[in-house]
Amino acid sequence: MSRRVIRKWRPPLAFVLGGTLAAVFFLPLVGIGYFRVAGGVLGWAETSWMIGWMAFVATGVLGYLLWRLVLQPVRALTTYAQSEGEAQVPAHFGTPEFSDLGQAVIGMTSVLRGREAVLRSYADHVTHELKSPLTAIRGAAELLGDPGLSDADRAKMLGNIGDAVARMEALLDSQRALARAQEPMPPGDCVLSEVLAGYDVVVARDGTVPLPRDVMDLVTAHLVGNARAHGAGVVTFTLHDDGLVVSDNGPGISDGNRDRVFDPFFTTRRESGGTGMGLPIVRRMLQAQGADITLIPGPGAVFEIRF
């Protein structure tokens with residue numbers, strides 16, 4: 001998650017720029033007015049020196065404010081962006097506008113780095129995962145070339161090739177789904193009961209979910225599908241003010257697997273065709289919307305989506 005910028009009270013950027021322009025405009029008028037009203041009190045030379053020092057001090061103060069509130073934040077953000085998020089960003093900025101800009105840049109950099117890390121990790125994993133079906137296809141092809149191979153063994157080899165191809169297709173489908181999960185989607189909301197209309201589930205508390213319908217369709221499909229695949233008979237959705245809890249009455253997740261359920265390619269259903277990419281895709285899609293999903297304690301499997 002991206003670091004939050006600390007918001008401290010500072011004058012708005014419009015006030016800073018407006019004050020600077022007002023000082024530039026009114027300072028000569030003040031000098032002219034003083035010459036006309038009280039110029040003879042100190043004399044022309046003393047009055048000129050006094051106004052000159054006033055202009056010098058005012059220029060110094062305005063220059064410091066512009067450096068502190070405008071130039072310094074711009075330089076910090078430029079350095080941070082050019083370093084791709086490696087440089088240290090100040091905890092707060094000079095004006096509310098630059099605080100918002102700083103938070104936006106930090107968030108964007110965090111998202112881009114997260115996407116790069118996920119894609120790199122996926123490429124490493126999928127390269128390893130594809131080796132097994134490719135090895136099975138190569139071995140089966142070599143055995144099929146044996147003229148003395150029995151019909152039963154030939155059918156078995158052909159079945160192995162079909163299983164390996166299906167495994168590769170599932171991995172490639174997961175890759176496409178992961179890429180789509182990281183694409184930005186326009187914000188939106190949907191009614192929970194409408195999303196779950198086609199599922200045999202329990203809606204303990206209904207309401208409006210601050211997520212697009214397409215996102216919720218994918219999230220509910222994965223969570224309900226996982227629960228059913230692991231033997232759950234009842235899946236319950238409970239909407240809260242800042243989150244959604246999805247629980248089931250299945251056997252739950254063992255302590256040894258709880259920390260790994262969101263790891264790419266981790267699955268306990270590999271023999272039945274599971275790729276272990278369902279929950280990682282769900283998490284990436286939610287994070288792209290500013291939300292997140294975690295596994296929390298409870299009977300059965302209990303997932304909490306925080307908005």
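Here R284 meets each of (1) in a helix (DSSP H, G or I); (2) without any contact (Cβ under 8 Å) to a residue 24 or more places away in the chain; (3) of a type in the set (K, R); (4) out of contact with any strand residue (DSSP E or B) (no Cβ under 7 Å at 6 or more places or on another chain) with one exception, condition (2). The condition (being of a type in the set (S, T, N, Q) and under 13 Å from I281 (Cα atoms)) is satisfied by just one residue among T267, T208, T236, T220: T220.
Evaluating D242 against the criteria (1) modelled with pLDDT under 90; (2) under 30 Å from E169 (Cβ atoms); (3) open to solvent by 30 Å² or more (accessible area, probe 1.4 Å); (4) out of contact with any Asp or Glu (no Cβ under 9 Å at 6 or more places or on another chain) leaves one unmet condition, (2). Checking each residue in the range 273-291 for being modelled with pLDDT of 75 or more and more than 13 Å from V219 (Cβ to Cβ) picks out only G290.
If you go through the range 82-103 and pick out every residue that is open to solvent by 60 Å² or more (accessible area, probe 1.4 Å) and either of a type outside the set (D, E) or modelled with pLDDT of 70 or more (or both), you end up with 5. Within the range 211-239, the residues that satisfy the criterion of being open to solvent by 70 Å² or more (accessible area, probe 1.4 Å) and of a type outside the set (K, R) are D214, H230.
The values are calculated or read from the model by the stated rules, or taken from the named source; none is laboratory data. What you are looking at is a predicted structure, and each value in this text was computed from that prediction instead of being measured. Using ideal geometry, Cβ is built from the backbone for each residue, glycine included, and neighbour counts are taken over all protein chains shown. Each accessible area value is taken on the protein alone, full model and side chains, heavy atoms only, with ligands, DNA and RNA left out. Shrake-Rupley method; radii C 1.70, N 1.55, O 1.52, S 1.80 Å.
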